[in-house]
Structures are given as C-alpha cells and as structure tokens.
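The values are calculated or read from the model by the stated rules, or taken from the named source; none is laboratory data. Quick caveat: nothing in here was measured; it's all calculated off a predicted structure. Here the Cβ is made from the backbone with ideal geometry for all residues, glycine too, and neighbour counts use every protein chain on show.
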Amino acid sequence: MSIPVVILCGGQGTRFREQTENRPKPMIEVAGRPILWHIMSFYAGHGFKDFVLCLGYKAEVIKRYFLDFAAMESDFTVDLSAPNKVQYHGASMREWKVTCVDTGLHAMTGARLARVAHFLEGDRFLLTYGDGLSDVDVPATVAFHEQHGKAATVTGVRPPSRFGELLLDGQRVEKFSEKPQVEGGYINGGFFVFSRAFLDYVKDDESMMLEREPLERCAADGQLMVYPHHGFWQCMDTFRDLTRLEEHWNDGKPPWRTW
C-alpha cells in the first residue's frame with residue numbers, strides 16, 4: 001500500500017495578496033506551473049503518488065485544475081454524441097491519485113488534517129504545506145521515522161537569512177555574504193512523516209493549529225523526532241521568494257526536481 005501525502009492547500013495567503021486575489025496560494029505559478037504541481041512532482045519523483053489535498057480558500061480553482069488536468073496536458077478527441085467518452089493523444093499520463101477535500105474556509109491546519117483523516121489508509125502518511133520546495137530525501141525521512149518508532153517526524157532546516165551578513169575584522173569587512181544560512185537552532189521545514197497514532201493529537205476544531213497543541217503535546221510526550229536537513233529549502237511567502245524559485249528553475253537544475 002502506498003503512503004499518502006497530505007498537502008495543506010487551504011490558507012488565504014494574506015501575505016501574498018497581490019498573487020492570491022483570484023487563486024489560492026498553491027496555484028501561484030513557478031516557471032509556468034503551480035507550485036502545487038512542483039511539490040507533487042517532487043514527491044512523485046520519490047515514488048509517492050497518492051495525494052490528499054486539504055482545500056479551503058478558493059477550493060474550486062484547485063478542483064477545476066485537476067478535473068481538467070488530462071485535457072490541459074494532452075491533445076484529445078471527444079465524440080460530442082457521447083461527451084463522456086474522451087480519447088487522449090500523445091501525453092504521458094501522470095500516475096497520480098488525487099483526492100480533493102474541501103476542509104473549510106476558516107479551518108486551521110490541525111482541523112484540516114482531522115477532516116481528511118478518513119481518507120488516509122495504512123499506518124503512515126506524509127504531510128507538507130502547499131507553498132514550499134526542498135531537496136529533502138523523502139525516502140530517508142520515512143526510513144528514519146520507521147527506525148525510531150515514534151508518532152511524528154519533522155524535517156528541521158536552517159533557512160537562509162533574509163538579510164546579508166558582514167564578517168568583520170575591526171572595521172574591515174573580511175567576508176560579505178548576501179544569503180548566509182541561519183546559525184543555531186532548526187525551524188520546522190514542513191516535510192513531515194506521521195504514524196497513524198498522531199491523528200489522536202488532532203480534532204475537528206476550526207481553531208486547532210497543527211503547529212501548536214498537537215505538535216507541542218506530541219513533543220511533550222516524547223513522540224516527536226527531527227530529521228535534520230542541510231540542503232535546499234525555500235518557502236514562498238513573498239514575491240522575492242517566488243523570484244528565487246524561478247531563478248533556480250531557469251538555471252536548469254532546480255534542486256527539487258526529482259522527475
């Protein structure tokens with residue numbers, strides 16, 4: 001049985017309002033494709049092709065995207081006397097199973113997970129946000145999770161600083177670094193592996209944030225482990241972040257490309 005990937009796609013993206021007036025944040029395009037497509041392609045490249053999308057704000061945009069996906073990806077013939085019969089030509093069909101679930105406009109992340117729980121089969125599932133890309137080794141995180149046997153694994157990252165850093169010798173600049181990596185502790189990188197037991201930590205309460213009570217209680221119970229990741233990681237909160245992702249793509253070797 002394949003391990004499902006839950007993707008949180010329901011937020012309103014208020015910090016990116018110029019891009020989210022008419023579409024949800026996961027549908028903002030990176031190099032001509034929604035970032036959601038990049039995220040799903042990344043997981044599929046690692047062999048994880050069963051997706052459960054937690055929708056909310058402008059859910060219909062994502063639903064329509066996947067309903068029309070095959071037609072938009074290929075040439076086709078439709079017999080108008082039998083409009084339900086469509087023949088697709090020349091496209092390599094994606095072996096993705098995509099479950100779109102409207103988890104509510106105002107629900108927080110923990111509530112969204114609780115509302116898709118009945119779609120999750122098996123002993124484990126993956127979870128990520130619909131606005132970030134990385135080159136994290138997903139199979140390795142799953143293996144790490146299985147080895148430690150706890151309820152949850154979070155990928156810990158040290159993201160680039162938003163400000164440049166000057167390394168000084170007195171008043172002489174020894175080194176100028178435009179995008180130094182944050183030193184010290186890790187932050188939540190957003191690429192999770194969960195055992196089914198973790199679902200006991202969430203409930204269908206609109207105000208429940210995954211990152212607060214559920215993960216905090218899980219940690220207090222000694223059931224949360226971290227998988228350190230020192231490679232590429234980039235969230236997309238601003239137009240500058242979007243530009244960085246497009247620069248990586250245009251360089252020809254985007255770090256998250258596994259396909």
Give the residue that is surrounded by the most Cβ atoms within 10 Å (Cβ to Cβ), with candidates limited to residues of segment 187-207 that are more than 21 Å from the chain's Cα centre (by Cα) and among the acidic types (Asp, Glu). ASP204
With the condition kept exactly as written, say whether any residue in segment 175-188 is within 24 Å of TYR129 (Cα to Cα), at pLDDT 80 or above and not polar (S, T, N, Q). yes
Which condition number does LYS63 fail, the rest of (1) modelled with pLDDT under 90; (2) in contact with an Asp or Glu (Cβ under 9 Å, 6 or more places away or on another chain) being met? (1)
Restricting attention to segment 120-150, report how many residues are assigned to a loop (DSSP other than H, G, I, E, B) and either of a type outside the set (Gly, Ala, Ser) or surrounded by fewer than 21 Cβ atoms within 10 Å (Cβ to Cβ) (or both). 10
List the residue pairs whose Cβ atoms are under 6 Å apart, where the first residue sits in segment 208-224 and is surrounded by 13 or more Cβ atoms within 10 Å (Cβ to Cβ), the second is among the basic types (Lys, Arg), and the two are 6 or more positions apart or on different chains. GLN223/LYS150
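This table checks each residue for (1) more than 28 Å from ASP135 (Cα to Cα); (2) under 17 Å from the mean Cα position of the chain (by Cα); (3) at pLDDT below 95.
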| site | (1), (2), (3) |
| --- | --- |
| HIS46 | no, yes, no |
| ASP50 | no, yes, no |
| CYS54 | no, yes, no |
| THR77 | yes, no, yes |
| ASN84 | yes, no, yes |
| HIS89 | yes, no, yes |
| GLU95 | no, no, yes |
Could you please find all residues in segment 29-44 being more than 13 Å from the chain's Cα centre (by Cα) and either aliphatic (A, V, I, L, M) or closer than 27 Å to GLY122 by Cα (or both)? VAL30, ALA31
Is one or more of the residues making up segment 207-222 touching a His at 6+ places or on another chain (Cβ under 8 Å) and either at pLDDT 95 or above or not in a loop (DSSP other than H, G, I, E, B) (or both)? no
Within segment 227-259, tally of residues that are more than 13 Å from SER134 (Cβ to Cβ), touching a residue at least 12 places away in the same chain (Cβ under 8 Å) and surrounded by fewer than 16 Cβ atoms within 10 Å (Cβ to Cβ): 6
Those residues of segment 110-120 which are touching a helix residue (DSSP H, G or I) at 6+ places or on another chain (Cβ under 9 Å) and over 20 Å from ASP50 (Cβ atoms), in sequence order: GLY110
Can you find a residue that is among the aromatic types (Phe, Trp, Tyr) and either under 24 Å from ARG15 (Cβ atoms) or in contact with a Gly (Cβ under 7 Å, 6 or more places away or on another chain) (or both) anywhere in segment 200-207? no
